[in-house]
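Report on one structure; see the data block that follows.
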Amino acid sequence: MVDFVTKGSNPWTEHYSAVVADVPDPDDPTTMLNIGLIQTLENADIVLITGQALSHCLKFTTEDIANNFGVDNIKKLILLDDTTSSVTGFESNGKDFVTDMMKRGMKIEKSTEVLK
C-alpha cells in the first residue's frame, strides 16, 4: 500500500525529512515527529526506501525513521539503490549515509530484484 506523506508546509522551518522538521514548531503539528508514520512502518514486514536525494531528503528521512524505529526494526529497511541519487557535489554524503545505515542493519537491493 502507498501512503503519501507530505512535508515542508511550514515556511519558517526546514523540512528535509518527511518524519520531522529540522526545528519543530510546537504550534504546528506538521513539523513534529510523525509518530503515526513510524507506527505504520513498524507494522510492515519490509519498508522499501527510494526517492531523492540520497545525500539530503532521503538521508534525513531514513535516519529519522531508524532513530525512532528501534534497533531490531532497522533490518526491515531496504534501500533501492538504483532509484535514487545524491545531489551533484554531495555524493560523499550519500555514500557515507548508505555505509552508516548498512552498519545499522539496512539492506541494499535493486528495484528489479527486491520482490522476486
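Every number here is computed from the coordinates shown, using simple stated rules; none is lab data. Quick caveat: nothing in here was measured; it's all calculated off a predicted structure. Cβ coordinates were reconstructed from backbone atoms using ideal geometry, including for glycine residues, and neighbour counts include every protein chain displayed.
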Equivalent ellipsoid semi-axes - Cα gyration tensor, the chain, angstrom: 23, 18, 13
Kirkwood hydrodynamic radius of region 46-109, Cα pairs, Å: 11.4
Unit charges on C-beta of K, R, D, E only; dipole of the chain, Debye: 440
Spin-label pair V23/D81, simplified geometry with 7 Å Cα→Cβ offset, distance in nm: 3.7
Most fluctuating residue given options D28, D82, D64, as computed from a GNM of the chain linking Cα atoms under 10 Å: D28
Cut-off under 5 Å, modelled amide H: who pairs with I49 long-range: I78, L79, L80
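Would you kindly state how much longer the chain becomes between T99 and N43 on full extension, computed as 0.36 nm times their sequence separation minus their alpha carbon distance, in nm to one decimal? Walk me through the intermediate numbers first.
Working: separation 56, 0.36 × 56 = 20.16 nm, distance 2.54 nm.
Going from the current span to full extension adds 17.6 nm.
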Phi to ³J(HN,Hα) by Karplus 6.51 cos²θ - 1.76 cosθ + 1.60 over region 87-102, Hz, x for Gly, Pro: 5, 3, x, 10, 4, 5, 4, x, 5, 4, 4, 4, 4, 4, 5, 5
Principal-axis tilt of helix 57-67 within the chain, Cα atoms, nearest 10 degrees: 90
